[in-house]
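Below is one structure, written out as structure tokens; the observations come after it.
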Amino acid sequence: MAAPQSRLIFICSKCGGKKSYPFRLFPSQIKCDECGGVMNPETQAEKPLGAGNSQSGPIKSPLPLPAKNGNLPLLPSAMMFQKVLEKNNFAIVAGVMLVGFGVCMVGIMVFVGIVNRPDNKQPGNQAEEKNIIDKIRIESERSALAKARKTKNDEIERIAMVEAEKRAESNRKVIVEKEKTEKAESKRKEIEEKAKEAQGKNPKNYGYDRFDPIVELVDNHAFSATKEHEKDIETLASYLGVFGKKYSPANEYLQVRAIYSWITHNIKYDLAALVDGVTRENDAVQVFKSRKAVCHGQAVLFKAFCDELKIKCHVVNGPVKQRFIEDGKLVEHAWNAVEIHGKRHLLDCTWGCMVDNEKNAVNFRKYSTNDFYFLTPPELLILNHFTRDPDWQLLKTPKTLEQFVKEPNYLDKNNGWNNEPLMNGVPLGVIADFVQKNSIDDLVLTYSVFCPIQVLEMPLYGKLEINRKYKFAFKVPANFRMDVKMGESISQPMIKDKEGNYVAEISLDKVAPVRIVLWDKENKFKGSSTFAFYNYVEKDSD
């Protein structure tokens, strides 16, 4: 039994007549049989009878409503299917649609599968992808290469900078050494000129005059020694003795002076060995290399230089008096005796390179040249240096150890090296004569000051008399000046003479303390310092 078909009702637009057609089997345009008017489908269609539903009623049309002109707007495909349906070929159409749908799905699946298969990609896409990968790889390699080159360049630049700094430092050292050598050469030429002027002098008469201009030139010559000159003891001894060899016969005094000046400026006292009680090797070569030694090592080195210059020298040993030793105990010491032009002299390089400061401790020693211990008169050196061998005391009447112990250390009176500054400023021969005629207690009290002072004229006697004129004359560096202070309030500035020396003449109307005061013009040493003190009276302590 065939399935019942749904029917669609059409209504005439003129007379309202009705006409029924099976669903989808109506012509494209229906006219009314009675009036010939155009018939349009109703919105509701009749349900066919016998479809399992006893009720009959309209159903919704699956087709769009016709336009106002009565024409049904159909798509071309719908019209094609409508004609097929009019010929009752619905089954064929349905089959064709299903086959077409299946073919389309299969085509889509095949297309997607072919596109996504990696081995079936198009050659153009593969080449483009390979180019992209190659570009990425090349850029990565270039970046890594650039980074490596930059790191290498930075390292090369760093090494170049280090090498440049080394070359600059080396060049600087060469320039400094060259300037030092040129300066030393210039000084040597100046020394040679001075030496020619001094040819007429008798070298033996140089004696104790350490302020002679030639002595100053010899000191500068010793201070100008370079590393080439200081290669070994033999080379340095030849350099130090070259100026004395300008004379015929050789001036042994100037050679000894050059040796003394070099040692006192270059060999430091080995305080660690003294304080810790360490015994070090006192070989001359070892002392020369280390540049430090105790007294015996310095004395041995001095003798080694003299041996190279064929100058007779002896190392003297014995006890000495030192103020930093408690309870006045004696300590063993070493110094030198040297023969200059047939006459023996005494000197102490160790004490010549040290000056004690205010503090009473050995580790507060200051290193500076002290000319008092260069060719010190035996009458003065015996005050704090004693040797058990009377031949090396160089005294007309040698002293015993008992006499040496009982006599006070005049060089250390009033808790300081108070007579040494004066002895540095006055020829030692003059002081030796004064001590022999008077007493060392009669010497004016003197103190260490900021700078070296050359005493041209001053009374050595420490007590100044009333109504008597006293003259003073000093030579000091340019940035210092000197005054005379009498009593507590009177101060008389010294005046400069034509030669630039500070001079003054005073007379006392009553007994009063008199101080010779050194002033620092630039105030680097914060004020003044007393050099000499006359009419000193020690105050009694309670």
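Tally Lys and Arg at +1 and Asp and Glu at -1 over the other residues with C-beta under 14 Å from the C-beta of E141: what net charge comes out? Once positives and negatives cancel, what remains is +3.
With R₀ set to 51 Å, the beta-carbon distance separating K463 from K268 gives a calculated FRET efficiency near 0.80. The packing ranking of peptides 499-508, 287-296, highest mean first, is 287-296, 499-508, where packing means the average number of other beta carbon atoms within 10 angstrom of each residue.
Residue separation of S529 and I506 scaled by 0.36 nm, minus their Cα-Cα distance, works out to 6.3 nm of gained length. Computed on segment 432-474, with alpha-carbon pairs under 8 angstrom and 6+ residues apart, the relative contact order is 38 percent.
The residues neighbouring T235, those whose beta-carbon lies less than 10 Å from its own, together hold a net charge of -4 under the Lys/Arg +1, Asp/Glu -1 convention.
Its Cα centre serving as origin, segment 437-516 has a Cβ charge dipole (Lys and Arg +1, Asp and Glu -1) of approximately 120 debye.
All of the numbers you see were taken from the coordinates with simple rules; none came from a lab. Just so you know, these numbers come straight off a predicted model, no measurement behind them. Positions of Cβ are backbone-derived with ideal geometry, glycine not excepted, and every protein chain shown enters the neighbour counts.
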